[in-house]
1. Going by what's in this entry, would Ala147 be described as open to solvent by 10 Å² or more (accessible area, probe 1.4 Å), under 15 Å from Arg5 (Cβ atoms), part of a loop (DSSP other than H, G, I, E, B) and touching a residue at least 40 places away in the same chain (Cβ under 8 Å)?
2. For region 112-123, indicate whether the set of residues that are open to solvent by less than 20 Å² (accessible area, probe 1.4 Å), within 29 Å of Ala13 (Cβ to Cβ) and of a type outside the set (Asp, Glu) is non-empty.
3. When you check Phe47 against the structure, is it out of contact with any Gly (no Cβ under 7 Å at 6 or more places or on another chain), within 23 Å of Gln146 (Cβ to Cβ) and either open to solvent by less than 40 Å² (accessible area, probe 1.4 Å) or basic (Lys, Arg) (or both), yes or no?
4. Please work out if Leu136 is at pLDDT 95 or above and either farther than 17 Å from Arg182 by Cβ or in contact with a helix residue (DSSP H, G or I) (Cβ under 9 Å, 6 or more places away or on another chain) (or both).
5. Just to be sure I understand the filter: pairs with C-beta atoms under 7 Å, separated by 6 or more residues or on different chains, first member in region 35-58 and over 17 Å from Ser22 (Cβ atoms) and free of Cβ contacts under 8 Å to residues at least 24 places away in the same chain, second member surrounded by fewer than 15 Cβ atoms within 10 Å (Cβ to Cβ) and not charged (D, E, K, R). Which pairs pass?
6. Just need a number here: residues in region 1-47 that are touching a helix residue (DSSP H, G or I) at 6+ places or on another chain (Cβ under 6 Å) and over 22 Å from Val74 (Cβ atoms).
7. Which helices (runs of 4 or more DSSP H) does region 1-110 wholly contain that include 1 or more residues that are of a type in the set (Phe, Trp, Tyr)?
Amino acid sequence: MNFERLLTGLPVAPLAAALADSPEWWQRITTRQDFLGSPHEGTETIFLRGPLDFTLEEYFGETYAADYPELAAVIDELMPIVRPLLQAIEWKELGRMLLVRMPPGVALDEHTDEGAYAEHYSRFHIPLATNGQCELVVNGQPQHMQAGEAWWFNHRAPHSAHNMGETERVHLIVDAVSPMFRPKSP
């Protein structure tokens, strides 16, 4: 199994509106897409929770996550989305939370999430904005995700993504430890 849709109808519009009011947040931390060889080149990221330092060793090897200032700024818009997900997966530990924006025409290189962090947490996507030409592809299986849905996907398997539409794709990514969804090796 590469994907599982967990929830639908999550109230994503208020968070999307809050992001529109703070466009500078997309440029605050650019390490994820800027490091040499990154499969995320062409995207932009807002970290709500993440590592304290962005060395490769810490990013891939450490399992803690620290709150960033942006989290406090959008907590009221975020919790009606994240709380139902965490309840549905019977979460035990919360990892990183980030927002990723993929402009039209961008495709992510195929990659596998590796290291102690990826082995510890499962990954969940919640689209805030999308179009019919956006897909996440795992093990060659494409999946379009609608705005307001929550999905688990096997981030430990080879995966890529693309946006061949005319509008941006914005996903909230939530990493959590869940007894129901354990990271699966490739």
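1. Details: open to solvent by 10 Å² or more (accessible area, probe 1.4 Å): yes; under 15 Å from Arg5 (Cβ atoms): yes; part of a loop (DSSP other than H, G, I, E, B): yes; touching a residue at least 40 places away in the same chain (Cβ under 8 Å): yes.
For Ala147, the condition - open to solvent by 10 Å² or more (accessible area, probe 1.4 Å), under 15 Å from Arg5 (Cβ atoms), part of a loop (DSSP other than H, G, I, E, B) and touching a residue at least 40 places away in the same chain (Cβ under 8 Å) - is met.
2. Yes, region 112-123 contains a residue that is open to solvent by less than 20 Å² (accessible area, probe 1.4 Å), within 29 Å of Ala13 (Cβ to Cβ) and of a type outside the set (Asp, Glu).
3. Numbers: out of contact with any Gly (no Cβ under 7 Å at 6 or more places or on another chain): yes; within 23 Å of Gln146 (Cβ to Cβ): no; either open to solvent by less than 40 Å² (accessible area, probe 1.4 Å) or basic (Lys, Arg) (or both): yes.
Considered against the rule, which asks whether it is out of contact with any Gly (no Cβ under 7 Å at 6 or more places or on another chain), within 23 Å of Gln146 (Cβ to Cβ) and either open to solvent by less than 40 Å² (accessible area, probe 1.4 Å) or basic (Lys, Arg) (or both), Phe47 comes out as no.
4. Against the criterion (at pLDDT 95 or above and either farther than 17 Å from Arg182 by Cβ or in contact with a helix residue (DSSP H, G or I) (Cβ under 9 Å, 6 or more places away or on another chain) (or both)), Leu136 qualifies.
5. Sorted first by the residue in region 35-58, then by its partner, the pairs are Leu52/Ala66.
6. Count: 1.
7. Numbers: elements: 13-20, 31-34, 56-61, 69-89.
Here the list reads 56-61.
The values are calculated or read from the model by the stated rules, or taken from the named source; none is laboratory data. These numbers were taken from a predicted model, which means no experiment stands behind them. Cβ coordinates were reconstructed from backbone atoms using ideal geometry, including for glycine residues, and neighbour counts include every protein chain displayed. Please note that ligands, DNA and RNA were not included when accessible areas were found on the heavy atoms of the full protein model with its side chains. Shrake-Rupley method; radii C 1.70, N 1.55, O 1.52, S 1.80 Å.
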